[in-house]
Amino acid sequence: MDLGWAWAAQSYYPGFCLTFVRHQDPATVAELLGGGPLELLTAEEADRVFPLSLPGSLLRCGTIPGWAFCYEDRAPIGFQPALFQRLSAGSDVVQVVKGGDGMNIARRVVDGQQTEEFEPRSASVNRGNEPTVLLATVKRVLRDHPETSGLVAALHAISEHVGGAVPRDVLDGPLLTTISTYTPADVTAPVSPVQHGRGRLLATFTATGEPVINRGRPSSGQSR
């Protein structure tokens, strides 16, 4: 088992949305999510440049070979159907959402069609349109490693699909960062073409987008 995702199950990170987009670059992913120009910032610097008093979702973007990723743990928006369908136009999107209500969701969307959506657990049922890629891996991991959380199993399945992981030190280190003030009306904007290249106070949320509580990001003096 890849231990690079162990951080995701920790209570320090009560809610987040992590999205991977195939053959895409961070700038285009941020633009499609309603973000502005990107700045290379650590997580600590991002909290200073984009203080928690600002409305919107903090987008932390990077790449692994063949994919761009976007991590959101402040008022996430990437799990909204209009946005993950927009991101998937001409491409492949895989995503894991950790909800503040205890519900976690894994999904895959290919060129606007949701092929997989399920809660990652041993008895999961796919609510997508098939074919499945992630679900079988999640069930195998939970069968072979019953001590593993469904959330970590889903992230491991994504690792197998995209060919890489995003450890916590990568998320805390320098990443291309911006803030999005997306509203549902923005979805009428034209979709940008796919570019084939590489490149705090947390708004805890439910897997369906309903706010639950606000919790603070650990300060620099706390262990993560």
Would you give the gap between the C-alpha center of the stretch 1-77 and the C-alpha center of the stretch 118-179, rounded to a whole Å? 16 Å
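Please compute the alpha carbon radius of gyration of the stretch 1-79, then divide it by the globular-protein estimate 2.2 N^0.38 Å. Two decimals is fine.
Values: Rg = 13.0 Å, N = 79, 2.2 N^0.38 = 11.6 Å.
Scaled against compact globular proteins, the figure is 1.12.
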Give me the one-decimal Kirkwood hydrodynamic radius in Å for the stretch 141-188, with the sum taken over alpha-carbon pairs. 13.9 Å
Under 20 °C and 1.002 mPa s, how fast does the stretch 39-163 diffuse according to Stokes-Einstein, given a Kirkwood radius computed over C-alpha pairs? Answer in µm²/s, whole number. 137 µm²/s
Can you pull the accessible area of residue 179 for me, 1.4 Å probe, Å² to the nearest 10? 30 Å²
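The values are calculated or read from the model by the stated rules, or taken from the named source; none is laboratory data. Here the structure is a predicted model, which is why all the values come from computation and not from measurement. These area figures cover heavy atoms from the full protein model, side chains too; ligands, DNA and RNA do not enter into them. Shrake-Rupley method; radii C 1.70, N 1.55, O 1.52, S 1.80 Å.
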